[in-house]
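Engineer: The structure follows.
The values are calculated or read from the model by the stated rules, or taken from the named source; none is laboratory data. What you see is a predicted model, and the numbers here were worked out from it, not measured in a lab. Neighbour counts are summed over all protein chains in view; Cβ atoms, including those assigned to glycine, are modelled from backbone coordinates with ideal geometry.
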Amino acid sequence: MLNSAFGDLPLSPAQAHTLIELGNEAVSIKQLSLSLNIDKSNASRAVTHLVEKGFAYTQSNPKDTRSLLAHLTPQGKKLLQKLHHQQNVMFDEILCQLSPEEATNIESAISAYNKAICRTQAQQGCTIREITAADDVAIAELIREVSAEYGLTADKGYSVADPSLETTSKQYNASGSCYWIIELDGIILGGAGIAPLGSEQGVCELQKMYFSKQLRGKGFAKRMAYLALNYAREQEYQACYLETTACLKEAISLYEAIGFEHISKHLGDTGHDACELPMLLKLK
């Protein structure tokens with residue numbers, strides 16, 4: 001990406017990526033900057049250079065007369081074909097050095113990395129930090145709100161009925177315990193915690209994972225789960241336990257995806273007898 005030319009073609013990396021985007025459809029400078037994740041000045045400069053070289057031209061945007069749409073010229077379309085061919089040859093030469101299994105692993109890793117980049121962008125502006133006593137009222141309200149949304153009422157054995165709900169920060173002051181909250185513009189929108197599982201030696205419990213609607217779909221659940229599990233490993237726990245219920249389908253899918261397995265019996269004395277699905281993840 002730092003090379004001045006893109007392979008053997010008279011294009012900088014930014015110009016090459018601009019050429020590819022214009023091959024799909026005519027786009028505005030604003031659309032181009034968003035697609036390539038560059039600022040408008042760089043996007044405008046890339047288009048200007050393509051226009052100067054005869055590979056693109058601009059016209060007024062019929063939907064917004066204040067902006068221009070960039071199009072490829074016939075010469076630009078021919079160059080785009082050369083660009084695709086050049087890149088295909090290069091990647092074929094790389095992939096022929098790998099076994100099918102290695103190539104599949106790389107493809108899977110790149111896909112996962114790209115998803116992580118998208119989630120990171122979606123999470124911008126949010127702060128993740130350890131809970132303080134000043135957060136107790138807000139996190140209790142959030143837990144009640146999300147619990148009510150899923151029908152997890154306080155008269156049953158769910159976290160919302162915990163006597164310590166109003167003093168969550170105090171509950172996690174003990175050794176081997178921690179609770180993190182997600183804050184945006186001073187508003188608490190989510191949280192998750194780790195604490196020892198009663199008398200179960202070497203086992204911790206993933207607790208009170210709750211997220212407001214505003215956070216969902218942005219990857220926070222997986223991020224918070226990994227944060228908690230990394231902490232659990234640092235504390236030298238051997239395994240992590242959790243209890244959930246069938247109506248929390250998204251949560252169950254997440255737990256299964258990160259390695260939790262369903263087990264036949266409950267561990268510890270959590271008091272959450274309404275949570276009929278115990279799960280366990282070995283940490284070592």
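Conditions tested, residue by residue: (1) surrounded by 19 or more Cβ atoms within 10 Å (Cβ to Cβ); (2) touching a Pro at 6+ places or on another chain (Cβ under 9 Å); (3) in a loop (DSSP other than H, G, I, E, B).
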residue: 134; (1), (2), (3): no, no, no
residue: 152; (1), (2), (3): yes, no, yes
residue: 155; (1), (2), (3): no, no, yes
residue: 175; (1), (2), (3): no, yes, yes
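Engineer: Within segment 222-237, does at least one residue satisfy the condition of being polar (S, T, N, Q), under 25 Å from residue 138 (Cα atoms) and surrounded by fewer than 19 Cβ atoms within 10 Å (Cβ to Cβ)?
Structural biologist: No, segment 222-237 has no match at all.
Engineer: Let me ask something else. If I go through segment 237-256 residue by residue, how many of them are over 21 Å from residue 165 (Cα atoms) and touching a residue at least 24 places away in the same chain (Cβ under 8 Å)?
Structural biologist: Summing the residues that are over 21 Å from residue 165 (Cα atoms) and touching a residue at least 24 places away in the same chain (Cβ under 8 Å) in segment 237-256 gives 10.
Engineer: Considering only segment 1-57, state which residues are modelled with pLDDT of 90 or more, small (Gly, Ala, Ser) and in a loop (DSSP other than H, G, I, E, B).
Structural biologist: Passing the criteria: 26, 54.
Engineer: In addition: Only one of (1) surrounded by 11 or more Cβ atoms within 10 Å (Cβ to Cβ); (2) under 18 Å from residue 24 (Cα atoms) fails for residue 106. Which number is that?
Structural biologist: Only one criterion is unmet by residue 106, namely (2).
Engineer: Give just the number: which of (1) over 24 Å from residue 247 (Cβ atoms); (2) in contact (Cβ under 8 Å) with a residue 24 or more places away in the chain does residue 174 not satisfy?
Structural biologist: Single failed check for residue 174: (2).
Engineer: Here is a follow-up. Among the residues of segment 60-72, which ones are among the polar types (S, T, N, Q) and touching a helix residue (DSSP H, G or I) at 6+ places or on another chain (Cβ under 9 Å)?
Structural biologist: 67 - this is the single residue of segment 60-72 that is among the polar types (S, T, N, Q) and touching a helix residue (DSSP H, G or I) at 6+ places or on another chain (Cβ under 9 Å).
Results for (1) small (Gly, Ala, Ser); (2) under 26 Å from the mean Cα position of the chain (by Cα); (3) outside the structural domain of residue 133 (by TED's automatic domain parsing), shown as yes or no for each residue.
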| position | (1), (2), (3) |
| --- | --- |
| 170 | no, no, no |
| 177 | yes, yes, no |
| 181 | no, yes, no |
| 216 | no, yes, no |
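Engineer: Filter segment 16-59 down to the residues that are hydroxyl-bearing (Ser, Thr, Tyr) and surrounded by fewer than 19 Cβ atoms within 10 Å (Cβ to Cβ) and list them by number.
Structural biologist: Within segment 16-59, 33, 35, 41, 44, 48, 57, 58 meet the criteria.
Engineer: Still on this model: Would you point out which residue out of 108, 169 is in a helix (DSSP H, G or I), of a type outside the set (Asp, Glu) and within 28 Å of residue 184 (Cα to Cα)?
Structural biologist: One residue alone meets the criteria, 169.
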